[in-house]
1. Against the definition (at negative phi and either buried (at least 21 other Cβ atoms within 10 Å of the Cβ) or in contact (Cβ under 8 Å) with a residue 40 or more places away in the chain (or both)), how does GLY284 come out, yes or no?
2. If I ask for residues that are at pLDDT 80 or above, assigned to a loop (DSSP other than H, G, I, E, B) and within 20 Å of ASP486 (Cα to Cα), which ones from the range 624-656 would you list?
3. Considering only the range 467-476, I want to know if a residue exists there that is of a type in the set (S, T, N, Q), touching a helix residue (DSSP H, G or I) at 6+ places or on another chain (Cβ under 8 Å), surrounded by 13 or more Cβ atoms within 10 Å (Cβ to Cβ) and closer than 30 Å to VAL68 by Cβ.
4. Within 15 Å of PHE161 (Cβ to Cβ), assigned to a helix (DSSP H, G or I), at pLDDT 85 or above and within 22 Å of the chain's Cα centre (by Cα) - does that describe any residue in the range 214-225?
5. Against the conditions (1) assigned to a loop (DSSP other than H, G, I, E, B); (2) modelled with pLDDT of 70 or more; (3) surrounded by fewer than 15 Cβ atoms within 10 Å (Cβ to Cβ), where does GLY531 fall short? Just the number, please.
6. Go through the range 273-289 and count every residue that is touching a Gly at 6+ places or on another chain (Cβ under 9 Å) and among the small types (Gly, Ala, Ser).
7. In this structure, is THR277 modelled with pLDDT of 90 or more, polar (S, T, N, Q), surrounded by 20 or more Cβ atoms within 10 Å (Cβ to Cβ) and in the same structural domain as ALA331 (by TED's automatic domain parsing)?
8. I need the full set of residues from the range 369-386 which are under 14 Å from THR328 (Cβ atoms) and either of a type in the set (Gly, Ala, Ser) or modelled with pLDDT of 90 or more (or both), in order please.
Amino acid sequence: MDKLEGQERETERSSTQEIEMQMEEVKNNGNVVKQRRASRPKVKTGCSNCKIRRVKCDEARPQCLKCVKSGRPCEGYPAHKRTVDFAIPIAPRPELEPRASVLAASPASAAPQKQHHLARPPRMPRKKTAIVLNSAVQHHPPQQTPQLPSPTVYRPGGLIFDAQESQYFQVFRTHTASELSGFFDSEFWQRSVLQESHSEASIRHAVVALGALYKTLETAAESPPGSPDNGTFDTAPSHYSFALQQYGKALKRLRESLANNEKRSDRTTLISIVLFTCFQSFTGDHRAAIKQIQYGLGLLEERRQNSDQPLIRRKEEIVEDELVQIFTRLAVQAKSYDMAFHFPHPYVIRLSPQTPPSPASTQMPSFNASSSSDPTPTIPPAFQHTHEARAALHALCERIMRFNEHLSSLHRGPNNILPKSVMVQGHGFGTQLKQWDSAFAHLLAGRRHRGVSNTERAGINVIKMLQLMTGILYQMAFSTSEMEFDAFTPQFREIVELASELVLDEELALAQARCGKAASCRHTLAGAGGGYRFPGLAGGYGEDGYAHIKASFALDLGIVPPLFVVATKCRDRRLRREAIRLLMSSPRREGMWDSILCGMAGQWIMTIEERELSQWSREMLGRKGDEIVPDQQRVMVKEILFDMQSREATLRCGTRGAREGDLDVRAKETHISW
């Protein structure tokens, strides 16, 4: 035994000496022993700049933080390369009976769907790798966006484009889709629409048309870095003309499919309606957009009535659930627009149940966004992510609007103002708004934390602003006095602060991305409007302007409606002017809401109400208790008739609570253009 142990020690000693000799030889030769890095899967996403620099990209939108901090222009995120055998995840297109018309007054009943059996693509052999996880160090951070289950697999056909169409399709894919998403990431714009365009010509032409519209807006202003080069075809009129051509092709292709009795799914029809609504809102044809929304809402209501459960609760139909949420937001948007600008019939969205119109009626179909028998959605103690909070808020807004609409049809007060005696019937909505605010508080407080992207932080601000606006308008629906708006000055102040934070973040990010250092910046306020004529208000009051924010368009609501409420209802002179300045800082189109029109309307109301007050100056910021707009000088917007394409509008205002036809000494009217 002693002899065996001695041999082992001798073998170990010789091995150690051999290793030491090898290390000494390497040292003498001047070489360095390198430790091999552990193999990890490569990440192929991220912007092109970060790939070239070989740094980790955070993939924030519209520009990643790495590029913003380093002063480089972020050129966006390229699409994933696909091979011939690549399968795109997408829900199957059910074969249904065709519909008579997209703009029909009453949609026909849908036929039962046929079952589809799709062959799964063959699995590629993979090498087996042993992975050892240490459960003691595993960490699961809270999700910022919900995880969606994987839909079924669909193999699209090839896209047929000419040179111009291909360019605009790429513009939509790389720029327009994220722009239309507004302040929120959207599977619909960045995935569903693009996938459906592979198989539906009308959607494909509509996508190209929206890409051309984006180039029109971009070219009219100063093009941001990384924009596609269209050569000699890079003029705003050329882009706009091509957009109209493609929109016409989309409508023509849709009519042809209906005339030929081609089988189309409701899903395809609903996506087409969303795209057409987007195009019409973009070009300023709001009445056509409202008709599209009315038809789409009617189609969804029909599907809900024909199903055993409300469509929004069918977990397996992911795309349909997302479409329901989109149309719910469109309904809230159109209803809020009518409440502010008082659209004439039949361009009014009806949310509460009513008797269906007869076939000879010229009225548009009504929509019951969620049946009165549906249970009230529960609000959790704390929202897990912004998407959950956003969906809960829009569902609550829809229910409040439907409640007010129902009471207005019973009491028919002036300007749809309800008597305070019925306010107790909606007491539960105030409680739900407070519950929502409590569940959202931790997301709002943590919006400046590390790891929260610029897009998500802006979305948090927008959601909170919409909740504040909803609470103000709900309570004031029972008031006949404009003086009672003064009780909401803290809410007005919070709206302005959140909007200022959002706009300032946009300005700083764009300034650094486009100009780098402030000393090298050549942008001035004169170029901030992108060709829009501001009537002496934008950049006024001697405050810092926003020279880098370009004109923008998004389908969903953002900062414009809450700021419009502040501009027309807040009598704090500093807050009101700040709200108007933010509205005029850059042309924003949020669905049907236009920031310049809203800013000019707010300025006109402010001028009327403050005509008897001393001239406002910055020295008045610290003064309290004086220069309050008296009750006899306060007015409300009665009607706004506008033409976005010619950029003209007629504004009317008068006394709150005055009935139509009665003598109103405060009634005034003006015509504006911009």
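1. The answer is no for GLY284.
2. If the condition is that a residue be at pLDDT 80 or above, assigned to a loop (DSSP other than H, G, I, E, B) and within 20 Å of ASP486 (Cα to Cα), then ILE628, VAL629, PRO630, ARG634, VAL635, THR655, ARG656 are the ones that fit.
3. Checked against the condition, which is being of a type in the set (S, T, N, Q), touching a helix residue (DSSP H, G or I) at 6+ places or on another chain (Cβ under 8 Å), surrounded by 13 or more Cβ atoms within 10 Å (Cβ to Cβ) and closer than 30 Å to VAL68 by Cβ, the range 467-476 yields at least one hit.
4. No, there is no match, as no residue in the range 214-225 is within 15 Å of PHE161 (Cβ to Cβ), assigned to a helix (DSSP H, G or I), at pLDDT 85 or above and within 22 Å of the chain's Cα centre (by Cα).
5. With (1) assigned to a loop (DSSP other than H, G, I, E, B); (2) modelled with pLDDT of 70 or more; (3) surrounded by fewer than 15 Cβ atoms within 10 Å (Cβ to Cβ) applied to GLY531, the lone miss is (2).
6. The qualifying residues number 2.
7. So THR277 passes the test.
8. Within the range 369-386, ALA369, SER370, SER371 qualify.
The values are calculated or read from the model by the stated rules, or taken from the named source; none is laboratory data. Note that this is a predicted model, so its numbers are computed, not measured. Heads up, the Cβs are rebuilt from the backbone with ideal geometry, glycines too, and the neighbour counts pull from every protein chain shown.
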